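Some notes on the structure that comes next.
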Amino acid sequence: MASDATERFRERARDLGLDLEVHEFPAGTRTAADAAEAIGCDVGQIVKSLVFIADDGPVLALTSGANRVDEEALAAALGATAVRKADAQEVRDATGYAIGGTPPFGHDAPIRIVCDDDLLRYEQVWAAAGTASSVFPLDTETLLASTGATVAPFGR
Ligand code: 5CA
């Protein structure tokens, strides 16, 4: 059965005009490696939705599963002096979802979003659908359109 968080996410996606195909993997898709293994795709095609705290508040960094965030490059892209990784509570407060299930859009409140340019190497990517065992595919064009993300080279 779909969890409340997945249902909430699906509804918000519908409000954006997106009819998503959510896949449930009971074994879990908590990390990008887990998700890629479950799906059978390249780890680089997994969208990690990572929350950082910049000078003026939370930011969501959509990062290729093959990459780590270069915090200096991210701060430069944001025009911030520094960024740090959000803790579990800050992630929940900023997005309404838990770590491991945070989706790229459909959050409780608007949040500034930036996208790792390496994700644009792929036509199709996969992202979390609200929980650590649900993912959905989408094309990168839709990822950018539905998040309003700015593309920047902060993945290493
Ligand atoms: N479901 C997968 C693939 S879509 C997923 O959500 N991956 S993720 O990368 O976006 O979320 C997991 C990430 O949360 C980890 O890569 C790690 O960077 C971060 N994380 C895990 N535990 C903590 C923690 N205690 N505090 C802050 N960040 C954490």
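Which of the residues belonging to the range 45-90 are open to solvent by 50 Å² or more (accessible area, probe 1.4 Å), in a strand (DSSP E or B) and away from the ligand (no atom under 11 Å from the Cβ)?
Result: 58, single match.
Got a number for residues in the range 91-117 being surrounded by fewer than 18 Cβ atoms within 10 Å (Cβ to Cβ) and in a helix (DSSP H, G or I)?
Going through the range 91-117 one residue at a time, the tally reaches 3.
Are any residues in the range 26-44 open to solvent by 50 Å² or more (accessible area, probe 1.4 Å), within 18 Å of residue 124 (Cβ to Cβ) and in contact (Cβ under 8 Å) with a residue 24 or more places away in the chain, and if so, which ones?
Listed by number, the list holds a single entry, 42.
Return the pair list, or none, for Cβ contacts closer than 6 Å from residues in the range 55-74 that are more than 19 Å from residue 93 (Cβ to Cβ) and among the hydrophobic types (A, V, I, L, M, F, W, C) to residues that are modelled with pLDDT under 95 and within 10 Å of the ligand (Cβ to nearest atom), at least 6 apart or on different chains.
none
Just give me the residues in the range 19-37 being hydrophobic (A, V, I, L, M, F, W, C) and touching a strand residue (DSSP E or B) at 6+ places or on another chain (Cβ under 6 Å), in sequence order.
Once the filter is applied, which keeps residues that are hydrophobic (A, V, I, L, M, F, W, C) and touching a strand residue (DSSP E or B) at 6+ places or on another chain (Cβ under 6 Å), the range 19-37 yields 20, 22, 32, 35, 36.
Does the range 4-18 contain any residue that is open to solvent by 30 Å² or more (accessible area, probe 1.4 Å) and within 14 Å of the ligand (Cβ to nearest atom)?
Among the residues of the range 4-18, not one is open to solvent by 30 Å² or more (accessible area, probe 1.4 Å) and within 14 Å of the ligand (Cβ to nearest atom), which makes the answer no.
The values are calculated or read from the model by the stated rules, or taken from the named source; none is laboratory data. Owing to the predicted nature of the structure, the values given are computational and were not obtained by experimental measurement. Methodologically, a virtual Cβ is constructed for each residue, glycine included, from the backbone with ideal geometry; neighbour enumeration extends over all protein chains shown. Remember, those area values only see protein heavy atoms, side chains included, never the ligands or the DNA or RNA. Shrake-Rupley method; radii C 1.70, N 1.55, O 1.52, S 1.80 Å.
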